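Student: This structure is in structure tokens; I'll ask about it shortly.
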Amino acid sequence: MPIIKDHKTDGLPFSDSPKLKARNVNVFYGEKQAIYDVSLDIGANEVIALIGPSGCGKSTFLRCLNRMNDTIEICRVDGQILLDDDDIYGSKVDVVPLRARVGMVFQKPNPFPKSIFDNVAYGPRIHGLVEHRDELHEIVENSLKRAGLWNEVKDRLHAPGTGLSGGQQQRLCIARTIAVDPEVILMDEPCSALDPIATAKIEELIDELRENYTIAIVTHSMQQAARVSQRTAYFHMGQLIEVNPTDLVFTTPQHSLTEAYITGRFG
């Protein structure tokens with residue numbers, strides 16, 4: 001199915017209180033274009049779900065928001081992305097502190113081959129956020145509590161993080177992300193490798209974290225998008241087709257492509 005020429009996103013792609021603003025974003029892998037002219041706000045303290053068929057560009061767009069695509073040599077990003085009105089692609093921007101402000105949780109849990117404690121302490125140490133060991137212990141404990149993991153690991157903080165179950169590892173990775181006090185958390189299909197019980201815990205956690213963070217989540221599960229997000233953005237062939245409050249997207253979608261996807265006619 002070809003892209004839609006001169007498509008303007010249906011619905012409400014912009015926010016009254018944006019934390020991140022993307023304007024006219026295009027992404028190329030060599031000669032191949034993966035994202036076409038996407039403009040989207042992500043509101044402060046909201047959860048926005050990015051949905052769409054495999055290969056539609058949702059993960060590529062997510063990776064633009066903290067410059068993870070910089071790690072791909074042939075990738076080029078055009079357009080503008082602002083974090084609190086700061087251009088994150090500005091020539092003087094250091095990506096290390098940027099990725100502390102805009103943290104990322106990946107599809108597959110990726111704990112470091114270190115202890116549970118050292119996994120969470122890693123970011124505060126390298127970013128120089130602590131001066132005393134007591135402060136570090138406090139950050140580790142608070143991060144594990146916020147990630148809903150403290151009670152399960154408090155008696156074995158020096159055991160390897162890789163020894164935890166899949167769901168626990170993912171919550172450890174979330175604890176590691178929030179230990180550096182980010183403003184935004186990006187999640188790229190964080191539950192795709194987890195069982196339903198572990199998935200439910202992560203979804204509860206997302207709802208709690210929204211009080212303090214802005215969250216963008218890529219998910220293949222429309223049920224998950226409906227449960228955790230306030231707004232949903234539908235991508236198709238690298239284009240942003242529709243953005244609306246989540247309940248509207250799933251009950252009265254504005255665009256025929258959105259309707260075809262959520263009713264299972266393709267995807």
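Student: Out of region 13-51, which residues are farther than 13 Å from Arg231 by Cβ and touching a helix residue (DSSP H, G or I) at 6+ places or on another chain (Cβ under 8 Å)?
Tutor: If the condition is that a residue be farther than 13 Å from Arg231 by Cβ and touching a helix residue (DSSP H, G or I) at 6+ places or on another chain (Cβ under 8 Å), then Ala22, Val25, Val27, Ala34, Ile35, Val38 are the ones that fit.
Student: Touching a Ser or Thr at 6+ places or on another chain (Cβ under 6 Å), among the polar types (S, T, N, Q), modelled with pLDDT of 95 or more and at negative phi: is that true of Thr232 in this structure?
Tutor: yes
Student: Of all the helices (runs of 4 or more DSSP H) wholly in region 196-267, which have at least 3 residues that are out of contact with any helix residue (DSSP H, G or I) (no Cβ under 9 Å at 6 or more places or on another chain) and over 23 Å from Asn45 (Cβ atoms)? Quick ask: steps written out before the conclusion?
Tutor: Working: elements: 196-209, 222-228, 246-251, 256-262.
Per the criteria, 256-262.
Student: So, Lys108, is that one closer than 18 Å to Ile185 by Cβ and out of contact with any strand residue (DSSP E or B) (no Cβ under 9 Å at 6 or more places or on another chain) or not? Can you show your working first?
Tutor: On the way: closer than 18 Å to Ile185 by Cβ: yes; out of contact with any strand residue (DSSP E or B) (no Cβ under 9 Å at 6 or more places or on another chain): yes.
Yes, satisfied.
Student: Any idea which of (1) within 24 Å of Val228 (Cβ to Cβ); (2) of a type in the set (Ser, Thr, Tyr); (3) assigned to a strand (DSSP E or B) is the one Ser54 doesn't satisfy?
Tutor: Answer for Ser54: the failing condition is (3).
Student: Can you give me the number of residues within region 123-168 that are closer than 21 Å to Ala100 by Cα, in contact (Cβ under 8 Å) with a residue 40 or more places away in the chain and among the hydrophobic types (A, V, I, L, M, F, W, C)?
Tutor: Total satisfying the criteria: 3.
Student: Further question: Can Arg176 be described as closer than 30 Å to Gly128 by Cβ, of a type in the set (Lys, Arg) and crowded, with 24+ Cβ neighbours inside 10 Å?
Tutor: For Arg176, the condition - closer than 30 Å to Gly128 by Cβ, of a type in the set (Lys, Arg) and crowded, with 24+ Cβ neighbours inside 10 Å - is met.
Student: Specify the residue that is farthest from Tyr213 (Cα to Cα); the eligible residues are those in region 78-107 that are assigned to a loop (DSSP other than H, G, I, E, B) and under 19 Å from the mean Cα position of the chain (by Cα). Reasoning before the result, please.
Tutor: We begin by selecting, within region 78-107, every residue assigned to a loop (DSSP other than H, G, I, E, B); these are 84-85, 88-94, 106-107.
Next, from what is left, pick out any that are under 19 Å from the mean Cα position of the chain (by Cα): 84, 88-89, 106-107.
Numbers: Asp84: 13, Ile88: 18, Tyr89: 22, Phe106: 17, Gln107: 19 Å.
Once the filter is applied, the top-ranked residue is Tyr89.
Student: Which residues, counting only those in region 13-27, are surrounded by 15 or more Cβ atoms within 10 Å (Cβ to Cβ) and either in a strand (DSSP E or B) or not small (Gly, Ala, Ser) (or both)? If you could, list the steps in order and put the result at the bottom.
Tutor: Of all residues in region 13-27, those surrounded by 15 or more Cβ atoms within 10 Å (Cβ to Cβ) come to 13, 15, 18-22, 25-27.
Answer for region 13-27, where residues must be surrounded by 15 or more Cβ atoms within 10 Å (Cβ to Cβ) and either in a strand (DSSP E or B) or not small (Gly, Ala, Ser) (or both): Pro13, Pro18, Lys19, Leu20, Lys21, Ala22, Val25, Asn26, Val27.
Student: Further, regarding this structure: Any residue at all in region 87-102 that's at pLDDT 95 or above, among the hydrophobic types (A, V, I, L, M, F, W, C) and closer than 26 Å to Met222 by Cβ?
Tutor: There is at least one residue in region 87-102 that is at pLDDT 95 or above, among the hydrophobic types (A, V, I, L, M, F, W, C) and closer than 26 Å to Met222 by Cβ.
Student: Let me ask something additional. Looking at Pro109, Pro113, which is the one that is within 21 Å of Ala193 (Cα to Cα) and buried (at least 17 other Cβ atoms within 10 Å of the Cβ)? Step through it out loud before you land on a result.
Tutor: On the way: Pro113 fails: buried (at least 17 other Cβ atoms within 10 Å of the Cβ).
One residue alone meets the criteria, Pro109.
Student: Could I ask something else about it? Can you tell me how many residues in region 124-173 are hydroxyl-bearing (Ser, Thr, Tyr) and surrounded by 18 or more Cβ atoms within 10 Å (Cβ to Cβ)? Before you say what the answer is, go through the steps one by one.
Tutor: Filtering region 124-173 for residues hydroxyl-bearing (Ser, Thr, Tyr) gives 143, 162, 165.
Restricting the remaining residues to those that are surrounded by 18 or more Cβ atoms within 10 Å (Cβ to Cβ) gives 143.
Within region 124-173, residues that are hydroxyl-bearing (Ser, Thr, Tyr) and surrounded by 18 or more Cβ atoms within 10 Å (Cβ to Cβ) number 1.
Student: Anything in region 65-77 that is surrounded by 12 or more Cβ atoms within 10 Å (Cβ to Cβ), in a loop (DSSP other than H, G, I, E, B) and among the charged types (D, E, K, R)? List them, or say none.
Tutor: The one that is surrounded by 12 or more Cβ atoms within 10 Å (Cβ to Cβ), in a loop (DSSP other than H, G, I, E, B) and among the charged types (D, E, K, R): Arg67.
The values are calculated or read from the model by the stated rules, or taken from the named source; none is laboratory data. Predicted model only: the values in this text are computed from it and were never measured. Note: ideal-geometry Cβ built from the backbone for every residue, glycine included; neighbour counts use all protein chains shown.
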